[in-house]
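The values are calculated or read from the model by the stated rules, or taken from the named source; none is laboratory data. Keep in mind that this is a model prediction, so the values were computed, not measured. Every residue, glycine as well, gets a Cβ built from its backbone with ideal geometry; the counts of neighbours run over all protein chains shown.
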Amino acid sequence: MMVMFGVLGLLVVVVGGFAVWFYAIRDPLKGEDFYKFHVEQKWAWQLTMTPEQEKALMAGLEAFDDDEGCYPMREEGVLRVYDPMMLISLFSLAEQFVAMGPAAMRDPARAVRELVTRAAQSEVDGVLHLSGQWLGDTDTVDGMDKYEFTDALMAATHAQGVDCEFAGGFADENRGFATMGVLARSPGHVRQLYDDAHALAGEPRELRNRLDVVLDVMEPENPEYVAAFERAEAEKSKYVNTVMFCFERVVEQYRAARPHLRYAEPSDVLSVVMGRMLEHHLPGCTWTRPPSPEQHSLALAVLRNR
């Protein structure tokens with residue numbers, strides 16, 4: 001009996017510890033150290049600035065976040081602005097901030113607000129206006145709710161048989177946007193950085209039961225591995241370009257194309273639609289930075305090869 005209570009006590013402690021870890025530490029919306037603007041200058045868009053310029057820009061973004069709300073998607077090089085809802089390329093934002101010269105350095109909060117206001121007024125390259133009501137007056141698109149549509153759209157961004165390296169992708173069904181990373185192949189030194197990082201990870205724990213799974217999830221990762229992996233990710237970002245899509249405009253194109261592709265799967269229709277938007281530079285899609293001809297061709301191949 002004492003053994004049984006001891007086991008139950010251990011399970012309570014483990015489950016309780018897991019809950020604390022998940023909600024207070026792992027969950028980025030609750031972790032106190034998650035939402036920082038001042039981090040190591042390592043992502044490709046950050047490296048287009050001097051350390052002083054980068055610190056000033058981040059201070060300006062932090063001030064804007066306090067008033068209106070924004071979130072820098074550092075790896076993708078995208079700034080999510082909550083009001084008005086839009087995406088702004090951090091490459092473009094950094095370039096414009098630097099071009100403002102000493103005035104931006106003296107008052108970064110004012111400079112960032114001016115740049116965001118300018119982006120809200122005109123959907124130029126590197127800016128994508130969004131709508132939370134992208135489904136329109138209905139709750140479905142072609143019988144799909146917002147979650148099913150998002151799944152189909154993300155499936156359209158995964159190539160079958162295209163020789164390229166996975167470069168990430170993200171979708172938000174509530175704010176109505178998706179991103180697609182584009183990368184032909186990482187250079188050899190980047191692959192070596194990943195190999196070096198994985199060598200620090202150590203042997204994986206043998207998972208024999210559910211308790212082993214819980215303990216494995218709770219065990220903190222080797223900080224040396226985490227740092228090495230982040231260095232590899234940051235170096236890889238120098239060679240990745242990202243396409244952004246607005247769901248509202250994709251839905252418009254989808255509804256127009258659907259009658260001509262009656263028997264195609266939704267993801268295949270979306271492949272055609274998104275490829276057409278990208279090829280003809282239609283409203284509703286843009287890059288985080290001007291693509292090379294190779295990147296543009298690869299993105300089209302990925303979208304159309306289903």
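The residues of region 73-123 that are assigned to a strand (DSSP E or B) and farther than 25 Å from A234 by Cβ, listed by number, are Y82, M85, M86. Answer yes or no as to whether E219 is modelled with pLDDT of 95 or more and acidic (D, E). No: the conditions fail for E219. Within region 95-138, the set of residues being among the acidic types (D, E) and under 25 Å from the mean Cα position of the chain (by Cα) comprises E95, E114, E123, D125. With respect to the conditions (1) among the charged types (D, E, K, R); (2) in contact with a Leu (Cβ under 9 Å, 6 or more places away or on another chain); (3) not in a loop (DSSP other than H, G, I, E, B), E165 lacks only one, and its number is (3). Among residues of region 54-73 that are in the same structural domain as M100 (by TED's automatic domain parsing), those with a beta-carbon under 6 Å from a residue that is surrounded by 18 or more Cβ atoms within 10 Å (Cβ to Cβ) and of a type in the set (V, I, T) at least six positions away or on a different chain give the pairs G60/V112; L61/V112; F64/V112; C70/V81. Among residues of region 159-183 that are within 19 Å of G77 (Cβ to Cβ), those with a Cβ under 8 angstrom from a residue that is surrounded by fewer than 18 Cβ atoms within 10 Å (Cβ to Cβ) and of a type in the set (D, E), sequence gap 6+ or separate chain, pair up as A178/D172; L183/E165.
Taken together, the criteria place T157 among residues that are outside the structural domain of M73 (by TED's automatic domain parsing), among the polar types (S, T, N, Q) and over 17 Å from K55 (Cβ atoms).
In region 179-201, the residue that is farthest from P291 (Cα to Cα) out of those that are among the polar types (S, T, N, Q) and surrounded by 15 or more Cβ atoms within 10 Å (Cβ to Cβ) is S186. Restricting to region 270-295, what's the tally of residues that are surrounded by fewer than 21 Cβ atoms within 10 Å (Cβ to Cβ), free of Cβ contacts under 8 Å to residues at least 24 places away in the same chain and not in a loop (DSSP other than H, G, I, E, B)? Residues that pass the stated criteria total 3. Answer yes if at least one residue in region 71-84 is of a type in the set (K, R), modelled with pLDDT under 95, under 21 Å from the mean Cα position of the chain (by Cα) and within 16 Å of M180 (Cα to Cα), and no otherwise. Within region 71-84, one or more residues are of a type in the set (K, R), modelled with pLDDT under 95, under 21 Å from the mean Cα position of the chain (by Cα) and within 16 Å of M180 (Cα to Cα).
Taking the criterion of being touching a Gly at 6+ places or on another chain (Cβ under 7 Å) and within 24 Å of A44 (Cβ to Cβ), the residues of region 145-174 that qualify are M154, T157, A167, G168, G169. Restricted to region 146-178, and to residues there that are among the aromatic types (F, W, Y) and surrounded by fewer than 15 Cβ atoms within 10 Å (Cβ to Cβ), the residue that is nearest to A301 (Cα to Cα) is F166. Contact map, region 214-232: first residue free of Cβ contacts under 8 Å to residues at least 24 places away in the same chain, second residue surrounded by 13 or more Cβ atoms within 10 Å (Cβ to Cβ) and assigned to a helix (DSSP H, G or I), Cβ cut-off under 8 Å, separation 6 or more or different chains; pairs are E221/A201; N222/L200; N222/A201. Looking only at region 65-80, residues that are on the phi < 0 side of the Ramachandran plot and surrounded by 22 or more Cβ atoms within 10 Å (Cβ to Cβ) come to 4 in all.
Taking the condition at pLDDT 85 or above and in contact with a Pro (Cβ under 9 Å, 6 or more places away or on another chain), does V182 pass? Here the answer is yes, as V182 does meet what is asked.
Taken over region 181-213, the residue count meeting the criterion of being acidic (D, E) and assigned to a helix (DSSP H, G or I) is 3.
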